[in-house]
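What follows draws every value from the coordinates through simple rules; no lab data is involved. Since the structure is predicted, the reported quantities are computational estimates derived from the model, not experimental observations. Neighbour counts are summed over all protein chains in view; Cβ atoms, including those assigned to glycine, are modelled from backbone coordinates with ideal geometry.
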Amino acid sequence: MNLIDIVMTVCLLSDPNSCREHRIRYESFEPLKQCVFDAQFYIAQFMGDHPELKLTNWGCAYPGEAPEPKNS
């Protein structure tokens, strides 16, 4: 089983210059490329729970590695 991070850049709607990286970690038997499809569910759930944030970028990576960004 692989640990995979969905790496998101999120900004406050009230202050678009206030951005940060947020990682959601999950386990998968699939390769990293599958994260592109799996991530949509996790991102939608996270964004639904955080209406004060705007997603500006996201990507997938193994823990401790930099992601290859995907535009939202």
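Structural remarks
- Per-region count, the stretch 53-72, residues loosely packed, with under 15 Cβ neighbours inside 10 Å and within 21 Å of M1 (Cβ to Cβ): 4
- The number of residues in the stretch 1-20 that are surrounded by 12 or more Cβ atoms within 10 Å (Cβ to Cβ) and closer than 14 Å to P67 by Cα comes to 6.
- Residue within the stretch 14-28 that is under 15 Å from P63 (Cα atoms) and small (G, A, S) present: yes
- Output for the stretch 21-56, where each listed residue is out of contact with any Pro (no Cβ under 9 Å at 6 or more places or on another chain), within 13 Å of P67 (Cβ to Cβ) and charged (D, E, K, R): E21, K33
- Some residue of the stretch 42-52 being in contact with a helix residue (DSSP H, G or I) (Cβ under 6 Å, 6 or more places away or on another chain) and either exposed (fewer than 11 other Cβ atoms within 10 Å of the Cβ) or β-branched (V, I, T) (or both): no
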